[in-house]
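Following: one structure in structure tokens, then a few remarks.
The numbers here are math on the coordinates, done by the rules we state, and not lab data. Since this is a predicted model, take the numbers as computed values, not measurements. Positions of Cβ are generated from backbone atoms using ideal geometry, with glycine treated the same way; all protein chains shown enter the neighbour counts.
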Amino acid sequence: MYRNLQRNLAAHVREFLRQKYDLELANVSIEQPPNVELGEYALTLAFELAKKLRKAPKKIAEEIAEGLGALPGIEKIEVAGAGYINIRVNRATVAASVAADKKPPVEIPAGKVLVEHSSINPTKPPTSATCAMPFSATPSSACCAPRAERWMCRTTSTTPASRLPT
């Protein structure tokens, strides 16, 4: 839920910057404030734009905060300090959607997705399903071989994108 709100916020900020300042930004940096009392999200965008726009960061932050207006799932947008933008999430809305088990739509790529599991538990011997000796050796059913030998343990699976968990 929070990631969906973050994506929507980034899209709204990009659209605002495109309309107001005629700027195209590929990435909008959305951070987490050091203290929860400051909000759930923080934008430091005004500091980055200060040189380009030749304005004070606080003035830019005020314009962005006013220009974004009311966003779904966002309770409050406020300017703090010299140009930080703190965003508070409407926790009642988030709690209600979690309680109702509402899930935001997920974009699933077409085709197959490669899922690779290259890290097994190093404190236990690997199983025969995940073990093969390196180089030209064949897979071994005796995977509890001496620790002095170097084993290459890896599992790879190709999963249709429609079967990935959401």
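What to note about this one:
- Set LYS58/LYS102; LYS20/LYS58; LYS51/LYS103 screened for pairs whose C-alpha atoms are more than 28 Å apart: LYS58/LYS102; LYS51/LYS103
- Distance between region 7-29 and region 49-64 - C-alpha centres, whole angstrom: 14 Å
- Separation of the LYS103 and ARG54 label points, Cα + 7 Å toward Cβ, nm: 5.1 nm
- The HN-Hα couplings worked out from phi for region 28-39 by the Karplus form 6.51 cos²θ - 1.76 cosθ + 1.60 (θ = phi - 60°) are 9, 6, 10, 10, 9, x, x, 10, 4, 5, 7, x Hz, whole numbers, x standing for Gly and Pro.
- Placing pseudo-labels 7 Å out from each Cα toward the beta carbon at ALA26 and PHE47 gives an inter-label distance of 2.2 nm.
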